[in-house]
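Enquirer: Got a structure for you, written out below as structure tokens; questions coming shortly.
The values are calculated or read from the model by the stated rules, or taken from the named source; none is laboratory data. Bear in mind the structure is a predicted one, so any value in this text is a computation, not a measurement. Cβ placement follows ideal geometry from the backbone for every residue including glycine, while neighbour counts extend to all protein chains displayed.
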Amino acid sequence: MNAPLALLAELTHRCPLRCPYCSNPAELTRASAELTTAEWSRVFTEAAALGCLQTHLSGGEPTARRDIVDITAAAHQAGLYTNLITAGVLLDAALLSRLTAAGLDHVQLSVQDADTTNAENIGGMPGAHARKRTAAQLVREAGLPLTINAVVHRQNLHNLQAIIDLARAWGAARLEVAHVQYYGWALANRDALLPTRAQLDEATRIVNAARGELRIDYVVPDYHAHRPKPCMGGWGSRFLAVAPNGDVLPCHAAQSITGMVFPNIRDTSLHDAWHHAPAFNRFRGTAWMPAPCQGCERAEIDWGGCRCQAFALTGDAANTDPACALSPHHAVLADALEKAATNTFRYREFS
Amino acid sequence: MTPRFAPGVRLHHDHARDRWVVMAPERMFVPDDIALEVLRLIDGTRDTATIIDQLAEKFAAPRDIIATDVTAMLADLRSRGAIQ
Ligand code: SF4
Ligand code: SF4
């Protein structure tokens, strides 16, 4: 069994923004149920011992936690490379200097669009865009490397070139252009978000043309593909996530698979969760695979695709990802593309 | 010229796998033995000539051979964005 390389620490589900494609689960954890500072500290120590080299401090909005500096320090002291994944709207100079002193290594800042009105319509928070611009400047002034993350979809793809220009103007060393992945909130909003084939091709062309000027990581949507995107080296192979309530997850979206039971850090160690929990072992390797994955030459390349997407679209996480043309369910993607035409969002909210 | 790590880049000992890794924003790589020798001498104060001298001495090898290797290695690390 491999040791994990990275820990996604979802510190909270609280967030001042309300992006309609948020990867948080439909049922959000409330503040009172969140892990304490001491519990996170234990998680970081155990993650480093297990083999993790880095942690992504994420959420929700990680800086919505009042102990974010202590949490960052704990991750750093455990020996982890620390990456803050933030919407930036709560960052000010004082907080950033305390985070830097605590050992923060890198900041990833999300932008919803380059156009202020559209960005704030997508994020659901007036005034957010200007605050993000300030946050980017503060990160640069602190001497920290900055990555801009832009989730792209039908409502903002027409501004992709402007988003790339924004990333350069704001001083990012790296840009992530990630097409929405459809489970949870994004699935509920799929009809408003799915790009057309023409939009996708144009986006890919723009990204490729800009690559000489900026380091760009590009995540493509697989609704238009014949083969699924690979699941991060396979389920339970390189990566684990801890949710705000302490659930230990093989994947950030795993809670979307209803019926799956996850170990919790409050009653187990990270080591035992990784090595022994049924949720981690369920889709490890290739033995669980159905036809047509079983024996397929790509079985250890894409690992049968995404378990979360298989569940979302076929009702069974053990099915071949329908993004694969060999899946008996492949037609559901074409149907979704045909249907996608509405423009209204259902914003994320606590139920 | 004095090489230094780019912001957010550092050399880190991976205890679990007993190896050294270069950690960078959203990426990591495992340097080969020669790269590791060079990386361990990059501290923002040693210039390239000093690094070459030290490695020539350490490996009791001709300075010009070491110089060729180190220059190529630094160019490679620079193109990967690991050093400046
Ligand atoms: S059949 Fe399964 S393993 Fe083969 S390409 Fe499709 S999803 Fe991947
Ligand atoms: S199961 Fe899907 S969402 Fe989860 S890590 Fe794999 S590809 Fe990503």
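Enquirer: Out of the residues in segment A:162-192 that are at pLDDT 90 or above and out of contact with any strand residue (DSSP E or B) (no Cβ under 9 Å at 6 or more places or on another chain), which is farthest from ligand 1 (Cβ to nearest atom)?
Expert: If we take residues in segment A:162-192 being at pLDDT 90 or above and out of contact with any strand residue (DSSP E or B) (no Cβ under 9 Å at 6 or more places or on another chain), then A:A169 is farthest from ligand 1 (Cβ to nearest atom).
Enquirer: Also: Name, by its number, the condition in (1) in contact (Cβ under 8 Å) with a residue 60 or more places away in the chain; (2) away from every other protein chain (no Cβ under 14 Å) that does not hold for A:G233.
Expert: Of the numbered conditions (1) in contact (Cβ under 8 Å) with a residue 60 or more places away in the chain; (2) away from every other protein chain (no Cβ under 14 Å), the odd one out for A:G233 is (2).
Enquirer: Need pairs with beta-carbon distance below 9 Å; first residue closer than 17 Å to A:D191 by Cβ and within segment A:321-347, second modelled with pLDDT under 95 and among the acidic types (D, E); sequence gap 6+ or separate chains.
Expert: A:L333/A:D222; A:A336/A:D191; A:K339/A:D191; A:A340/A:D191; A:A341/A:D191; A:T342/A:D191; A:N343/A:D191; A:T344/A:D191
Enquirer: Taking A:A273, is it more than 16 Å from ligand 1 (Cβ to nearest atom), buried (at least 23 other Cβ atoms within 10 Å of the Cβ) and hydrophobic (A, V, I, L, M, F, W, C)?
Expert: yes
Enquirer: If I filter segment A:217-244 down to residues being more than 12 Å from ligand 2 (Cβ to nearest atom) and touching an Asp or Glu at 6+ places or on another chain (Cβ under 7 Å), which single residue comes out as farthest from A:S41 (Cα to Cα)?
Expert: Step by step, filter segment A:217-244, then rank; the result is A:R227.
Enquirer: Can I ask one more? Only one of (1) within 16 Å of ligand 2 (Cβ to nearest atom); (2) at pLDDT 95 or above; (3) in contact with a Lys or Arg (Cβ under 9 Å, 6 or more places away or on another chain) is not met by A:A323, so which one is it?
Expert: Condition (2) is where A:A323 drops out.
Enquirer: Restricting to segment A:157-190, count the residues that are of a type in the set (S, T, N, Q) and in a loop (DSSP other than H, G, I, E, B).
Expert: 2
Enquirer: Tell me whether segment B:50-69 contains one or more residues that are surrounded by 12 or more Cβ atoms within 10 Å (Cβ to Cβ), of a type outside the set (V, I, T) and under 10 Å from the mean Cα position of the chain (by Cα).
Expert: Scanning segment B:50-69, I find no residue that is surrounded by 12 or more Cβ atoms within 10 Å (Cβ to Cβ), of a type outside the set (V, I, T) and under 10 Å from the mean Cα position of the chain (by Cα), so the answer is no.
Enquirer: Still on this structure, I have one more. Which residue, of A:A225, A:A192, A:A142, A:A186, is more than 20 Å from the chain's Cα centre (by Cα) and more than 14 Å from chain B (Cβ to nearest Cβ)?
Expert: Answer to the selection: A:A225.
Enquirer: Then there is this: Go through (1) under 30 Å from B:F5 (Cα atoms); (2) outside any strand (DSSP E or B) for A:T117 and report which single condition fails.
Expert: (1)
Enquirer: Got a sec? Which helices (runs of 4 or more DSSP H) wholly within chain B have at least 1 residues that are within 14 Å of chain A (Cβ to nearest Cβ) and out of contact with any helix residue (DSSP H, G or I) (no Cβ under 9 Å at 6 or more places or on another chain)?
Expert: B:63-79
Enquirer: Give the number of residues within segment A:275-300 that are more than 13 Å from A:W235 (Cβ to Cβ) and within 13 Å of ligand 2 (Cβ to nearest atom).
Expert: The qualifying residues number 0.
Enquirer: Go through segment A:75-98 and give me each residue that's of a type in the set (A, V, I, L, M), surrounded by fewer than 24 Cβ atoms within 10 Å (Cβ to Cβ) and over 28 Å from A:V180 (Cβ atoms).
Expert: Within segment A:75-98, A:A78, A:A93, A:A94, A:L95, A:L96 meet the criteria.
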